[in-house]
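Undergrad: Structure below; questions to follow.
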Amino acid sequence: MVHIRDLALPDFPLLLAPMEDVSDPPFRAVCKANGADLMYTEFISSEGLIRDAAKSRQKLDVFDYERPIGIQLFGSDVDTMGECARISTHAGPDLIDINYGCPVKQVACRGAGAALLRDIPKMVEMTAAVVRNTPLPVTVKTRLGWDDTTKNVEDVAERLQDIGIEALTIHGRTRVQMYKGEADWELIGKIKNNPRIKIPIFGNGDIDSPQKAVEYKNRYGVDGVMIGRASIGYPWIFREIKHYIATGELMAPPTVEERVAMCRMHFEKSLEWKGQRAGIFEMRRHYAQYFRGLEGAKQWRTRLVDTNEPDEVRAIMDEIIAAEPVLVG
């Protein structure tokens, strides 16, 4: 088993990445149902939490069926991050995670997320403040470095371990790369095999198939993998990886009935958590992925995004099953 302090995870756990505007409770519910072992909230702005912004406060919602679940924070001010760790602890997660990897301009250009990779002393100070302000395990997600000339994650890993973090997830790209090109796992493997490193090391980046998950497990020796974009509209990736690890065989892709059932579960959870208006609106980004490759998928998606009525959405999903579309791509 893999341990983050007293939190026991299975051998080679599969983690769901925290993704802004994606990893909300409805999405986490479908990923958990398909085998995600550890999940995180969308990242939460420490400044928004201090201001008591409604959106930031809502992101603190965690539910027992999600456990183990971590709350992920990002920010640029050391004291504010410490205070937010205290606030987040009261929401009842299993751990607190710090985002030092988000590359988007709205975050990095404000001195948060991946920007801290250019100021390691401040990153260390901020992490220490979070550790001091919560009794929960603290973990970190980061990148290889700011750019190809400053891949400093080896130093980061050792220094953050020394001040008390209890697991580290590394995305195999620099900030400058954003999400382009191929993730480089060589440095992730080097950190995992560093005798100084005792905490679990999880790899992230480009895991989009069971074969790749097992290949990277064997090649780089990481304790587990974090999956992000490949799970959007395809939460079955978690169960497929677990099946492949256990048997060496690939699972059949989800049937039309399974696709509709999971999309329906996501939809109902979205209505329950967000209310009818926001729940319907925010589900629209997911339909194309749930029905990708099905014959007639474009027309189904068009109809689903054009309605504001829950019962009509449900009726369209029933039609999809009745039509028995075949997988064409």
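Undergrad: All but one of (1) closer than 18 Å to Ala129 by Cβ; (2) surrounded by fewer than 20 Cβ atoms within 10 Å (Cβ to Cβ); (3) not small (Gly, Ala, Ser) hold for Cys84, so report the exception by its number.
TA: (2)
Undergrad: Please determine whether any residue of the range 181-193 is among the charged types (D, E, K, R) and either buried (at least 23 other Cβ atoms within 10 Å of the Cβ) or at positive phi (or both).
TA: Within the range 181-193 (the criterion being among the charged types (D, E, K, R) and either buried (at least 23 other Cβ atoms within 10 Å of the Cβ) or at positive phi (or both)), the answer is no, since none of the residues qualifies.
Undergrad: Testing Gly221 on (1) small (Gly, Ala, Ser); (2) modelled with pLDDT under 95; (3) open to solvent by 10 Å² or more (accessible area, probe 1.4 Å), one condition comes back false. Which one is that?
TA: Every listed condition holds for Gly221 apart from (2).
Undergrad: Let me ask something additional. Pull out all pairs, ordered by first then second residue, where Cβ-Cβ is under 7 Å, the residues are six or more apart or on different chains, the first lies in the range 159-184 and is under 18 Å from Ile96 (Cα atoms), and the second is modelled with pLDDT of 95 or more and among the aromatic types (Phe, Trp, Tyr).
TA: Final answer for the pair search is Ala167/Phe202; Thr169/Phe202.
Undergrad: Related question: For Pro10, only one of the following conditions fails: (1) at pLDDT 95 or above; (2) surrounded by 16 or more Cβ atoms within 10 Å (Cβ to Cβ). What is its number?
TA: So Pro10 meets the others, but not (2).
Undergrad: Output yes when any residue across the range 24-36 is open to solvent by 10 Å² or more (accessible area, probe 1.4 Å), of a type outside the set (A, V, I, L, M) and in contact with a strand residue (DSSP E or B) (Cβ under 6 Å, 6 or more places away or on another chain), and no when none is.
TA: no
Undergrad: Looking at the range 289-329, which of its residues are among the polar types (S, T, N, Q), open to solvent by 80 Å² or more (accessible area, probe 1.4 Å) and in contact with a helix residue (DSSP H, G or I) (Cβ under 8 Å, 6 or more places away or on another chain)?
TA: Asn308
Undergrad: In the range 122-160, how many are of a type outside the set (A, V, I, L, M), in contact with a Gly (Cβ under 7 Å, 6 or more places away or on another chain) and open to solvent by less than 10 Å² (accessible area, probe 1.4 Å)?
TA: 3
Undergrad: Pick from the range 161-180 the residues that are out of contact with any Leu (no Cβ under 6 Å at 6 or more places or on another chain) and among the hydroxyl-bearing types (Ser, Thr, Tyr): which of them is surrounded by the fewest Cβ atoms within 10 Å (Cβ to Cβ)?
TA: Tyr179
Undergrad: In the range 39-69, what residues are closer than 14 Å to Cys84 by Cβ, assigned to a loop (DSSP other than H, G, I, E, B) and under 18 Å from the mean Cα position of the chain (by Cα)?
TA: Thr41, Phe43, Lys59, Leu60, listed by residue number.
Undergrad: Right, something else. So how many residues does the range 57-78 have that are modelled with pLDDT under 95, surrounded by fewer than 24 Cβ atoms within 10 Å (Cβ to Cβ) and farther than 15 Å from Pro93 by Cα?
TA: Final tally of qualifying residues: 2.
Undergrad: Which members of the range 41-52 meet the condition of being among the hydrophobic types (A, V, I, L, M, F, W, C) and open to solvent by less than 30 Å² (accessible area, probe 1.4 Å)?
TA: Residues satisfying the conditions are Phe43, Ile44, Leu49.
Undergrad: Can I ask one more? Answer yes if at least one residue in the range 246-261 is open to solvent by less than 40 Å² (accessible area, probe 1.4 Å), on the phi > 0 side of the Ramachandran plot and outside any helix (DSSP H, G or I), and no otherwise.
TA: Checked the range 246-261: no residue is open to solvent by less than 40 Å² (accessible area, probe 1.4 Å), on the phi > 0 side of the Ramachandran plot and outside any helix (DSSP H, G or I).
Undergrad: Does the range 203-215 include one or more residues that are among the aliphatic types (A, V, I, L, M), in a loop (DSSP other than H, G, I, E, B) and surrounded by fewer than 22 Cβ atoms within 10 Å (Cβ to Cβ)? Let's see the steps before the verdict.
TA: Quick first cut of the range 203-215, residues among the aliphatic types (A, V, I, L, M) only: 207, 213-214.
Remaining after also requiring in a loop (DSSP other than H, G, I, E, B): 207.
Next cut, surrounded by fewer than 22 Cβ atoms within 10 Å (Cβ to Cβ) only: none.
Scanning the range 203-215, I find no residue that is among the aliphatic types (A, V, I, L, M), in a loop (DSSP other than H, G, I, E, B) and surrounded by fewer than 22 Cβ atoms within 10 Å (Cβ to Cβ), so the answer is no.
Undergrad: Right, here's the next one. Which condition number in (1) out of contact with any Phe, Trp or Tyr (no Cβ under 7 Å at 6 or more places or on another chain); (2) touching a residue at least 24 places away in the same chain (Cβ under 8 Å); (3) closer than 28 Å to Pro195 by Cα; (4) open to solvent by 10 Å² or more (accessible area, probe 1.4 Å) is the one that Asp119 fails?
TA: (2)
Undergrad: I'd like to know if the range 249-259 contains one or more residues that are touching a residue at least 12 places away in the same chain (Cβ under 8 Å), touching a helix residue (DSSP H, G or I) at 6+ places or on another chain (Cβ under 9 Å) and of a type in the set (Lys, Arg).
TA: The answer is yes, given that some residue of the range 249-259 is touching a residue at least 12 places away in the same chain (Cβ under 8 Å), touching a helix residue (DSSP H, G or I) at 6+ places or on another chain (Cβ under 9 Å) and of a type in the set (Lys, Arg).
The values are calculated or read from the model by the stated rules, or taken from the named source; none is laboratory data. Computed from a prediction, not measured in an experiment: that's the story for all the values here. All Cβ positions, even for glycine, are placed from backbone atoms using ideal geometry, and neighbour counts span all protein chains on display. Remember, those area values only see protein heavy atoms, side chains included, never the ligands or the DNA or RNA. Shrake-Rupley method; radii C 1.70, N 1.55, O 1.52, S 1.80 Å.
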